[in-house]
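Novice: One structure, pasted below without further comment.
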Protein chains: 2
Amino acid sequence: MDVWDAIRAKRAVRRFTNAPLPDAVARRILDAGRRAQSAKNSQPWDFVVVRDRERLRALSQCGAWLGHVAGAALCVAIVTPSPAGNDRYVWNLFDAGQCAAYMQLAAQEMGVGSCLGTVYEAERARALLGYPEDRELRIVISFGYPDPDAQQGGLGRAGRRPFDEVVHWERWQP
Amino acid sequence: MDVWDAIRAKRAVRRFTNAPLPDAVARRILDAGRRAQSAKNSQPWDFVVVRDRERLRALSQCGAWLGHVAGAALCVAIVTPSPAGNDRYVWNLFDAGQCAAYMQLAAQEMGVGSCLGTVYEAERARALLGYPEDRELRIVISFGYPDPDAQQGGLGRAGRRPFDEVVHWERWQP
């Protein structure tokens, strides 16, 4: 699948079939994230990869909108450095965004759907996944084969701002 | 070009030929960024797109490591909401990271090289590009056709952390 087609076709998928991801598929998704670029090549990420159904269910309780995690074939927790004493914190999150995009586009190409989720219950997630105090977890990504019988519509408004509103040539156009 | 091939082949390109980007190529790169997902579909980005050589040179003076901007065919300034009174700031930067990845992978597929840069001279950049006080500019991306005669080596260390160091199965493994 071409990059452009993957970008155009990409939609959030929140309902998955029961089929597991073959190991080669899972590893390619993870490897795509591992290969992402980052500021000064800092690679400020670790991936805790959850496939155990009970653990997926427990992780889905760590945020208000994480229901999709419970039914995922696999969930990647993107663990990044904590903010305390970290003057690169904002860049760490920017880089995590690049890393997430790589994983989701690599999945898309293999017919695997995905959905980003936000972790609000930080200490609950820490107890579940065991990462140390100098790391935090804000972002998880559910992966799995899209359930063809499920409504996949998102929670928020759909669509994108028009091209000519987003793009300013040479200087900001109010 | 497959997504996976684009991800595997992606390298920072800092030296470009003098060839401009055809309009269709430039617009596809920008449209890839426009189509990126974002928290609550907030799309917290505007792109100021610079092609004028004098403006590119001036923009290249807005950070210590922005030399690549001066020789780019086109530079995209990713303008995002300022931090003051903005409780979504960290998410805005995460989303900007996704957006940057989409643009760079779309460019890669069309044979266009790119390089991320960091803006340190914020007020100088603001005067040059004219975005309002409630927005800021931290990230620019240079785009252009790679100069085949130039050394494209990066500033930082190369390579990536090994897969088994980055990936933790089910729980964090120290």
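Novice: Which one is surrounded by the fewest Cβ atoms within 10 Å (Cβ to Cβ), of the residues in region B:113-127 that are among the hydrophobic types (A, V, I, L, M, F, W, C) and more than 8 Å from chain A (Cβ to nearest Cβ)?
Specialist: B:127
Novice: Could you tell me which numbered condition residue B:95 fails, if it satisfies all but one of (1) closer than 21 Å to residue B:20 by Cα; (2) in a helix (DSSP H, G or I)?
Specialist: Unmet condition: (1).
Novice: List the helices (runs of 4 or more DSSP H) that sit entirely inside region A:1-90 and contain at least 3 residues that are buried (at least 22 other Cβ atoms within 10 Å of the Cβ) and in contact (Cβ under 8 Å) with a residue 12 or more places away in the chain.
Specialist: A:3-9, A:23-34
Novice: Taking strands (runs of 3 or more DSSP E) that do not extend beyond region B:100-169, which have at least 2 residues that are charged (D, E, K, R)?
Specialist: Ranges flagged: B:135-144.
Novice: When you look at residue B:160, is it within 11 Å of chain A (Cβ to nearest Cβ), in contact with a Leu (Cβ under 7 Å, 6 or more places away or on another chain), closer than 30 Å to residue A:80 by Cα and not hydrophobic (A, V, I, L, M, F, W, C), yes or no?
Specialist: no
Novice: Right, something else. Restricting to region B:81-104, what's the tally of residues that are under 15 Å from residue B:117 (Cβ atoms) and hydroxyl-bearing (Ser, Thr, Tyr)?
Specialist: Summing the residues that are under 15 Å from residue B:117 (Cβ atoms) and hydroxyl-bearing (Ser, Thr, Tyr) in region B:81-104 gives 0.
Novice: Out of (1) without any contact (Cβ under 8 Å) to a residue 60 or more places away in the chain; (2) surrounded by 14 or more Cβ atoms within 10 Å (Cβ to Cβ); (3) within 9 Å of another protein chain (Cβ to nearest Cβ), the odd one out for residue A:110 is which?
Specialist: Looking at each condition in turn, residue A:110 falls short on (1).
Novice: Further question on the same structure: List, please: which pairs have Cβ atoms under 8 Å, are six or more places apart or on different chains, and start with a residue in region A:154-167 that is farther than 25 Å from residue A:114 by Cα and end with one that is assigned to a strand (DSSP E or B) and modelled with pLDDT of 95 or more?
Specialist: Going by the 8 Å Cβ cut-off, the qualifying pairs are A:166/B:46; A:166/B:47; A:167/B:46; A:167/B:47; A:167/B:49.
The values are calculated or read from the model by the stated rules, or taken from the named source; none is laboratory data. Note that this is a predicted model, so its numbers are computed, not measured. Note that each Cβ is placed from the backbone with ideal geometry, even for glycine, and that neighbours are counted across all protein chains shown.
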